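The values are calculated or read from the model by the stated rules, or taken from the named source; none is laboratory data. Since the model is a prediction, treat every value here as computed from it, not as a measurement. Cβ placement follows ideal geometry from the backbone for every residue including glycine, while neighbour counts extend to all protein chains displayed. Note: areas computed on protein heavy atoms with side chains; ligands, DNA, RNA excluded. Shrake-Rupley method; radii C 1.70, N 1.55, O 1.52, S 1.80 Å.
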Amino acid sequence: MDVFRMDLIQKVRNQERLTQKEGEALYDLDLYTLGELADEIRKEKYGNKSYFNINRHINPTNVCADICKFCAYSASRKNPNQYTMSHEEILDIVEKSVKNGAKEMHIVSAHNPNDGVEWYMGAFRKIKAKYPDLHIKAMTAAEVDFLTREYGHSYDEVLDMMIENGVDSMPGGGAEIFDEGVREYLCKGKVTSDQWLQIHQKWHERGKESNATMLFGHVESRAHRIDHMIRLRDLQDKTGGFNAFIPLVYQRDNNFLKVEDFPTGQEILKTYAISRIMLDNIPHIKAYWVTASVNLALIAQEFGCDDLDGTIEKESIQSAAGAASSHGMDLDDFVALIKNSGFQPIERDSLYNELEVY
């Protein structure tokens with residue numbers, strides 16, 4: 001092993017912050033070395049704990065004004081079966097999920113130009129009125145940007161409306177890859193990287209927390225991934241408002257993004273490990289089993305990831321592109337899988353307060 005790589009490994013073990021060049025060089029380390037480095041960080045923070053929550057994903061509409069090449073969910077492209085749920089339909093789903101023990105509603109939609117701001121905000125308000133203790137995680141930065149463009153509001157106005165109507169935290173969707181050249185190809189016209197970061201900064205400045213994501217495994221380079229992580233790290237230095245980073249593995253079915261070289265399991269695990277190493281100030285790294293597959297997500301626990309998301313119950317966006325997540329996962333099965341992989345399942349709330357140790 002050359003001197004540079006030895007110095008890089010030592011720098012990681014010394015918990016020194018890495019540069020763009022050093023972050024890229026991490027990919028040149030072998031998988032087991034990377035896993036060991038990330039696992040050391042994970043164990044120092046969380047020991048043998050592996051977090052999850054009991055949640056329900058609701059995707060209330062697939063009608064979308066924006067066009068993203070990687071999306072298999074939007075009805076504006078390949079999917080001619082448009083739908084938009086009424087508030088009554090949404091509340092019916094929430095009621096059934098609460099009876100099943102769900103403590104979080106994760107509500108993410110397409111960018112529907114037909115229903116107005118009140119359709120979005122009214123749904124949140126009605127859920128919170130009926131279930132005041134239920135955590136509402138809703139509205140990606142891309143959705144916030146869409147509402148400002150479509151209806152003439154400012155970011156501040158939309159974020160304030162979200163809080164007034166019961167939204168507790170924001171998911172991390174819409175980040176994709178921050179490099180604007182890649183975004184131009186992937187999702188031209190949607191929220192820009194600077195706008196995404198600005199929206200989350202404003203949310204954090206209101207005392208609220210959010211997640212951050214990165215969609216990888218399509219047309220981006222490793223350098224683009226490291227740049228993405230560093231931009232998140234820089235914002236986290238300012239606000240401290242991100243509670244988790246979620247590397248989302250690109251799903252390749254039923255969309256217009258023709259990718260020939262899909263990332264290997266090793267490449268995905270390396271990216272998880274590097275995320276844990278690079279993002280020294282974001283507490284949790286989530287192996288989102290929906291996009292990674294359950295088996296790879298369980299392995300990712302040994303590569304720096306301390307969270308597997310949740311039971312989900314139903315999911316429409318990723319499953320439209322090939323993910324095996326349309327019906328979520330049974331709680332008992334989820335707990336057993338974590339135990340059998342050698343970790344201690346910890347049910348958490350949406351802000352990582354521990355609720356139950358299994």
**Fill in**
Scattering profile of the stretch 176-317 from the Debye formula, Cα beads only, expressed as log10 I(q)/I(0) at q = 0.09, 0.10, 0.20, 0.22 Å⁻¹, is -0.26, -0.33, -1.36, -1.54
**Rough spin-label spacing in nm, given labels placed 7 Å along Cα→Cβ, for VAL117 and ASN48** = 5.2
**Within a Gaussian network of the chain (alpha carbon springs, distance under 10 Å), most fluctuating of ASN112, ASN48, ASN81** = ASN81
**Asked** What is the projected area of the convex hull of the Cα atoms of the chain, averaged over all directions, in nm²?
**Response** 16.4
**Value of relative contact order over the stretch 115-248, rounded to a whole percent, pairs C-alpha under 8 Å and six or more apart** = 25
**Request:** Indicate, rounded to the nearest 5 percent, the antiparallel portion of the DSSP beta bridges found entirely in the chain.
**Result:** 15
**Complete:** Using a 1.4 Å probe on heavy atoms of the protein chains only, the accessible area for MET162 in Å², nearest 10, reads 0
**Fill in**
So the FRET efficiency between ALA223 and ILE67, C-beta based with R0 = 30 Å and rounded to 0.05, is 0.70
**Asked** Given a 1.4 Å probe, how much area per residue of the chain is accessible, in Å²?
**Response** 40
**Fill in**
Set LYS49/LYS190; LYS99/LYS202; LYS208/LYS286; LYS11/LYS202, cut-off 27 Å on Cα-Cα distance; pairs above it are LYS49/LYS190; LYS99/LYS202; LYS11/LYS202
**Complete:** Of ASP168, ASP2, ASP307, ordered by accessible area with the largest first and a 1.4 Å probe, the sequence is ASP2, ASP168, ASP307
**Asked** How big is the gap, in Å, between the Cα center of the stretch 107-151 and the Cα center of the stretch 7-51?
**Response** 38
**Asked** Most mobile of ILE41, ILE177, ILE299 per a Gaussian network model of the chain (Cα springs, under 10 Å)?
**Response** ILE299
**All aspartates and glutamates inside 18 Å of LYS258 as judged from Cα atoms, apart from same-chain residues fewer than 8 positions distant** = GLU176, GLU184, GLU220
**Asked** What residue among LEU29, LEU298, LEU279 has the largest mean-square fluctuation in a Gaussian network model of the chain, using Cα springs under 10 Å?
**Response** LEU29
